[in-house]
1. Taking 21 Å as the cut-off for C-alpha to C-alpha distance, list the pairs among Lys101/Lys220; Lys76/Lys101; Lys140/Lys335 that go past it.
2. Which far-off residues, 5 or more places away or on another chain, put their amide H under 5 Å from the one on Asp106, with H placed in the peptide plane?
3. At what distance in nm do the modelled label points of Asn115 and Ala39 sit from each other, each positioned 7 Å from its Cα along Cα→Cβ?
4. Using a basic spin-label model with each label point 7 Å from the Cα along Cα→Cβ, how many nm lie between Thr389 and Lys481?
5. Just flag the chymotrypsin sites (Phe, Trp or Tyr not before Pro) in the range 76-122 sitting in loop per DSSP whose Cβ has no more than 16 other Cβ atoms within 10 Å.
6. Note down the net charge around Gly90, summing +1 for each Lys or Arg and -1 for each Asp or Glu among other residues with Cβ under 9 Å from its Cβ.
7. With label points built 7 Å along Cα→Cβ from the Cα atoms of Gln490 and Thr260, find their separation and express it in nm.
8. At 0.36 nm per residue, and after removing the present C-alpha to C-alpha distance, how many nm does the segment from Tyr499 to Gln344 gain when stretched out fully?
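Every number in this text was worked out from the coordinates using simple rules, so none of it is lab data. Computed from a predicted model, the values in this text were never measured in an experiment. Cβ coordinates were reconstructed from backbone atoms using ideal geometry, including for glycine residues, and neighbour counts include every protein chain displayed.
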Amino acid sequence: IGPVIMVLPFHHPSEPLLGAENHRKLEDSDYFVDSDGNAYQPYSLSWRYLGLFIDCDSEENRRRRLDDGDNACQRKVLWAAYRDAEYSGGSIGEYSFYDRKTDSWDSSSCRPKWNIFRRRCQRLDCHEAGTEFELVGVFKETDGLYDWTEQLFKHHGYCLWDGDKENESGESGDSGSKDDEEEENSDYNFMQNMQGSWIYGCTQIDYSDDDGNALYVDTKPQSGGDMTYGVYADADCSTESSLTWSDVISQNSNSGDYVTADSIDRWNDLLSDYKVCQPCRAYNRVATNEGGSQQSNDSGLEDEEDGEDGEGAREQWGFNCYDDAGYQNCNQCYKFETQTDMEQASTDDLELATQQGTILAVTVDGITYGSGYYHGSGHIRHVVLRTMTALLWAGALAGLAYYYCAKVRKRRRVGNGDMKKKLTDDATAPGDQEDGAGYGLCDDNALGRTLTDPKKNYADSSSAARDKEELLAQIEERDAKLAQQEQLIQQLQLKLDSYKSIPVVEGFSPTLGQGTSERQLLPPLQSRASQISPTLDQGASERQSSRSQRNGEYQYPDEGTSDRKVTEDENRKTRKGEAHEPAMKEHLTGS
């Protein structure tokens, strides 16, 4: 295949005429208004580029071909607009921006700079799946790339790609003042040159395939919103050839006249700045002056349109964009609406673009079209950092809850210990008595052991009350038994007294019968008396203990000793009983 010569019959369309019908204010917009028809504040609006798709069969394209003789398969641009419902009037100073070059979020524009409690510093993240920004609509540019890129580059792109430009006079930026090296390194100048030399529309080239068939070139949409040149075998640029753009360049001896693959890669890379969420209002990444902060939010001057064409007032923090067309802080979304052939995208458009696999993901009415959101490595770090922060907060809250519960349990244990003391007869020394788990009630380490071993927890207040009721019931039952024993003892005592009143006759007893002597009667009576005396003593002692228990003075018996402690009253009663026992025995024996 010999050298080829590119034939470019396409002529770039001129700037649309700016007649009276073209000069509209933002409140005249059909798209960027609420349900009541009120225009959204420009700084609350943002947008992102989704990609291109090829439309060959729509009624619109068939009508275009009949009217203009244009090719049927149009390359259409899709982009989405969003609104920040929480916008509070901070203009550019209210947002941080994603920087692709550093793969991080840049919050240097957040204002007030040194007052973190007053500034909002919301991430402009409408390009992420979990964004809280509200979708305003998805729009398409039906007339291809030229008008759309021409409007974007000279306004918003001028300040975004060469954001270090400073022009406080409000005049148009003069890139011609730069030297040759700066010109070559300028992203804006590169994109402007590419935009001027890009092939728009299906264009035949003086190059044929192996069978001698004519070939055509047009924009070829790629996945993720990228694009390149496609080589086609028909005049509608709908059927791709087996040859690629790289094949065409490699066979051309004058390759300097063609857009190279490296240039296309750089073109796509810089367009990726708009795959990331950007404000509709053009801005400068570097503050052109710091005096703007003295312009307060009073009357909202920083958000007003300057009469017509989407120009804005000075930005209150000094992030002013003086673009290549002479505008100050131009509203890019408004420019798309008024200076391009913009329409609202239909469901059929989104489904067709999704089928072709060339646009980024966008969710409309709960349905996601396209595939993949634009994420740099900074997004992954942000997700990991956000997850770790959430886990740390969760751990801190869990620790506070654990500390609070420990204090509550400790107070309950102290209350239960006091109740137990009231049920004891003779309180033991602190730390000496062991609870059911084997720990001292006043042991300093009891808290940790109790929390780590649930089997060793103290009973709560309700269980302690039940224990006390059961203990009192047992005491009452024992009191009843003691009362019965006391009645039996009284009966025996009365019977014994009756024996004392009977006259004793030698050899005769009325009760025992004749022939029974008093000496014969004495041994059984002495044995019965020895049994009665301890019973009297024990009954008195138990009655005294029962009265103490009912008064809340009961003390659990000490398991370490077999000697029972007796009170002073019991000792006196015991001594008194022992003193009376010889007299009673002497009376019974007659000695």
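1. Violating the 21 Å Cα-Cα cut-off are Lys101/Lys220; Lys76/Lys101.
2. Hits under the 5 Å cutoff: Phe97, Tyr98, Asp99.
3. Each label point lies 7 Å from its Cα, and together they span 2.9 nm.
4. Spacing of the two 7 Å Cα→Cβ label points: 7.1 nm.
5. Trp114, Phe117
6. Its environment carries a net charge of +2.
7. About 12.6 nm, to one decimal.
8. 43.3 nm
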